[in-house]
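Data block below; observations after.
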Amino acid sequence: MSDLNVYRNSHAELRQMIDDLNSILTPELLKIRPNAKTAYELLCDLGKKVRSHLADEDRSLYPTLLIHEDPKIKSIAWGFISGEKPLRKIFDDYHKRWLKNCDFKFTDDFLAETHEVFEMVASRIDREEQVLLPKLLEIGVFQETQQSGSPSF
């Protein structure tokens with residue numbers, strides 16, 4: 001990632017995807033097949049975006065932090081790296097259980113598990129914004145640049 005705004009934009013996009021999904025993930029709306037199909041496609045897109053976000057961090061962010069001279073920086077990086085594993089596994093298990101067969105039969109169990117996944121993603125984003133981003137700014141990995149308009153979040 002080239003600058004902090006790219007990182008923040010990724011967070012804003014993930015939050016927006018979750019908000020959009022929350023608005024259509026109701027039992028009443030999911031009974032309508034086109035809505036169910038749209039929800040399915042959006043859930044798959046969210047999964048791809050989360051995987052891409054984590055992969056970008058693995059490629060372009062963590063290597064720099066892992067060789068930093070400050071052990072606290074290394075520790076923060078390892079903490080986020082180890083936190084990826086359960087998130088990736090939950091997404092994989094979730095996809096296999098609910099999305100693999102394209103049956104669009106979204107039960108109460110599906111909705112409950114979906115909201116748990118959303119909470120995990122939101123929690124990860126919050127931790128990155130509260131712990132990781134300030135530390136990256138502090139050590140000079142990113143420069144804070146101004147975007148035109150107001151912030152995305």
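Summary of computed values
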read-out	value
The chain: calculated mean residue ellipticity at 222 nm from DSSP helix runs of at least 4, using -39500 (n - 2.57)	-23500 deg cm²/dmol
Net charge dipole size for the chain [Lys, Arg +1 and Asp, Glu -1 on Cβ; Debye, nearest 20]	460
Max mean-square fluctuation residue, GNM over the chain, Cα-Cα springs under 10 Å, options Arg15, Arg97, Arg124	Arg97
Protein accessible area in the chain, 1.4 Å probe - carbon and sulfur %	53
Cα-Cα P(r), the chain, percent of pairs per 5 Å interval	1, 8, 18, 20, 16, 13, 10, 7, 4, 2, 0, 0
Rounded tilt (10° steps) of 108-127 against the dominant C-alpha axis of the chain	10
Stretchable slack from Lys74 to Leu137, in nm (0.36 nm times residue separation minus alpha-carbon distance)	21.2 nm
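The values are calculated or read from the model by the stated rules, or taken from the named source; none is laboratory data. Just so we're clear, the structure is a prediction, and the values are computed from it rather than from any experiment. Glycine also receives a Cβ, built like all others from the backbone with ideal geometry; neighbour counts cover every protein chain displayed. Calculation scope for accessible area: heavy atoms of the full protein, side chains included, ligands and nucleic acids excluded. Shrake-Rupley method; radii C 1.70, N 1.55, O 1.52, S 1.80 Å.
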